[in-house]
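Below is one structure, written out as structure tokens; comments come after it.
The values are calculated or read from the model by the stated rules, or taken from the named source; none is laboratory data. Keep in mind that this is a model prediction, so the values were computed, not measured. Cβ atoms come from the backbone with ideal geometry, glycine included; neighbour counts cover every protein chain shown. Only protein heavy atoms, including side chains, enter the accessible area calculation; ligands, DNA and RNA are left aside. Shrake-Rupley method; radii C 1.70, N 1.55, O 1.52, S 1.80 Å.
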Amino acid sequence: MISKSFKKSLWIFHVNSGSCNGCDIEIVAALTPRYDVERFGIKLVGSPRHADVMALTGPITSDMEDKVKRVYEQMPDPKVVLVVGSCGISGGVFHESYHLAGPVNKVLPDATCVYVPGCPPRPEAIIDGVVKAWKFLESAGGGE
Amino acid sequence: MKYTVPIGPIHPALKEPIAINCTVSGEEITDVDVVASQNHRGIEWIGMNRNNPVQTIYIAERVCGICNFCHPACLIMAVEEIADIDVPERAQYIRVIQSELERIHSHLLWAGVAAHELGFDSLLHYTWMVREKVMDTLEIVNGNRVTKAIMMYGGVRRDIKDEHVPKIREMIKYYQDLFDKVAKLFLEDKTIKMRTRNIGILTKEDALKLQAVGPTVRASGVKKDVRQDTPYFAYPDFDVKAITPDMLTGKVVGDTYDRIVVRLLEVKQSVEIIEQALDEMPPGEIISEQKIPKLLAKIKRAEGEAIGRHEAPRGEDIHYVKLKSGFESLYTWKVRAPTYSNIMAWRPMLMHHQIADIPIVAASIDPCLSCTNRAVVTENNEEKWLTAEDLHNLSVKKTKEMMK
Ligand code: SF4
């Protein structure tokens, strides 16, 4: 049912903004055979210029703020930020730290975000988030 | 013509953010500089200001999501020593099992990443598929795939119940049956051998001088392992021996290939330790103090300093803790993660190799590279950007050329 309605495959650029790696390994787990999102044409790409979705992990430390912004600006419209993990959504366990620029809505206030809560979320939850992002992109005219 | 290839400086996938500046002449690397600092979440500050010691266990877990057992383990060992908290025997066995489960998942994860860096993606997918078995076991025992939340001062939070045991034994059998196949895939494949044999050598002398730890130092022939040297938890009951590559290949070269050998053998060793632990685990309590407020009060009264050491998958992890009586949080908390000791080894490893070797050699110390790396080549002051993808492509190209 997904394949009928989607016009193109979804490419994701992964940005780690100071995460603990927990979410990152679950993203890789989602790509590898057990969960295998690559069968839907979803894949990680090496450049933000090719990407429809930015998968953001980590609470965005002060040092990463401008890098996250730059990556976001380089991505073509329409685009979605998939915030994987509680620490990108709210600061999570790192809230109140003196070295955070995040959470994401402070750094990218205008971005459309799909939140995947969990510390770390399970691969199933990440896939669910990707599908939500995908639906949004379709409705926003992605792939034309 | 000399170029500088800075990799990083933000290396987002690392616990300690890193910049590697490589000076290259043509394809050959002639100098390597490592700059650490930059990305930092203020974890120690949180532990010393915002949190009480029990909350700090959970922030210690988030120092690294991959080795999320080793950091709480070190912290807890240090605090237990200062506050004189007893740990029941059964809890010590459960801690050993958890620690070895973590090693299996971490080493398999690394093996997949290493295969990916060589451009051998089918092997990446295979290893990660195999790794799901230990992830399932972790989920059965802990209720979560990644972060375990198992450690507590004075014991562990969840027991290994009778119904868990057959599942864990099934996992043991699965890995024992699979070992020969995986070893063959990694160690006998001609291409992997060509790309890793004699690449990224760390001599025993350099390893000792740079105080490398874990599989990195053991691959250079140094028999160093905290579980063997100063056993903790229930490790004194296990005859853990530091693993060096000559146990399988008969010689020590100290190259990337040897680091693969050591990690594969350690997976086997971990499986054996878990098996023995299941056989010998005594019955009884799993925690000495059930009531958290009472525990906190005890820690609050305690005074002194201690060091917790644990053999994490990447090497020796050290936490220094100081408690002051009447102080709500930890008075001082200092974390020294294993990668911090190992990154200096990049310099001797990378010297005189090719740019295409950077990914696999950098990954060979297992610094949690998953990288959105950028690299820049300066050529007559004109900057040319090399992305992680370019680097990866260079590496894949080299593999293909060698296969011709
Ligand atoms: S949400 Fe949790 S697991 Fe994910 S990166 Fe943040 S701290 Fe780590």
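Brief remarks follow.
- Residue within segment A:33-48 that is more than 24 Å from A:Arg122 (Cα to Cα) and facing another protein chain (nearest Cβ under 10 Å) present: yes
- Test for A:Val53: is it away from the ligand (no atom under 16 Å from the Cβ), open to solvent by less than 30 Å² (accessible area, probe 1.4 Å), out of contact with any strand residue (DSSP E or B) (no Cβ under 6 Å at 6 or more places or on another chain) and more than 10 Å from chain B (Cβ to nearest Cβ): no
- For segment B:308-322, a residue qualifies if it is surrounded by 24 or more Cβ atoms within 10 Å (Cβ to Cβ) and among the aliphatic types (A, V, I, L, M), and the qualifying residues are B:Ala312, B:Val321.
- Odd one out for B:Tyr153 among (1) more than 16 Å from the ligand (Cβ to nearest atom); (2) surrounded by fewer than 21 Cβ atoms within 10 Å (Cβ to Cβ): (2)
- Residue match in segment A:82-98 (condition: in a strand (DSSP E or B), over 14 Å from the mean Cα position of the chain (by Cα) and within 14 Å of another protein chain (Cβ to nearest Cβ)): no
- A:Glu73 being surrounded by fewer than 24 Cβ atoms within 10 Å (Cβ to Cβ) and either in a loop (DSSP other than H, G, I, E, B) or β-branched (Val, Ile, Thr) (or both): no
- The single condition among (1) touching a helix residue (DSSP H, G or I) at 6+ places or on another chain (Cβ under 8 Å); (2) within 11 Å of the ligand (Cβ to nearest atom); (3) not small (Gly, Ala, Ser) that A:Asp24 does not meet is (1).
- Residue in segment A:7-21 that is farthest from B:Asp136 (Cα to Cα), counting only those that are of a type outside the set (A, V, I, L, M) and more than 16 Å from the ligand (Cβ to nearest atom): A:Lys7
- In segment A:74-128, the residues that are at pLDDT 85 or above and among the charged types (D, E, K, R): A:Lys79, A:Lys106, A:Asp110, A:Arg122, A:Glu124, A:Asp128
- Flag for B:Ser270 being among the small types (Gly, Ala, Ser), under 23 Å from the mean Cα position of the chain (by Cα) and part of a helix (DSSP H, G or I): yes
- Tallying residues that are at positive phi and of a type in the set (Phe, Trp, Tyr) within segment B:138-158 yields 0.
- So B:Val113, is it in a helix (DSSP H, G or I), under 23 Å from B:Arg314 (Cβ atoms), β-branched (Val, Ile, Thr) and more than 14 Å from chain A (Cβ to nearest Cβ): no
- Considering only residues in segment A:27-42 that are more than 16 Å from the ligand (Cβ to nearest atom) and either within 12 Å of the chain's Cα centre (by Cα) or assigned to a loop (DSSP other than H, G, I, E, B) (or both), the one that is farthest from B:Cys67 (Cα to Cα) turns out to be A:Gly41.
- Matching residues, segment A:99-125, being assigned to a strand (DSSP E or B) and near the ligand (Cβ under 10 Å from one of its atoms): A:Val116
- Flag if B:Phe186 is open to solvent by less than 10 Å² (accessible area, probe 1.4 Å), closer than 30 Å to B:Asp121 by Cα and either part of a helix (DSSP H, G or I) or of a type in the set (Asp, Glu) (or both): yes
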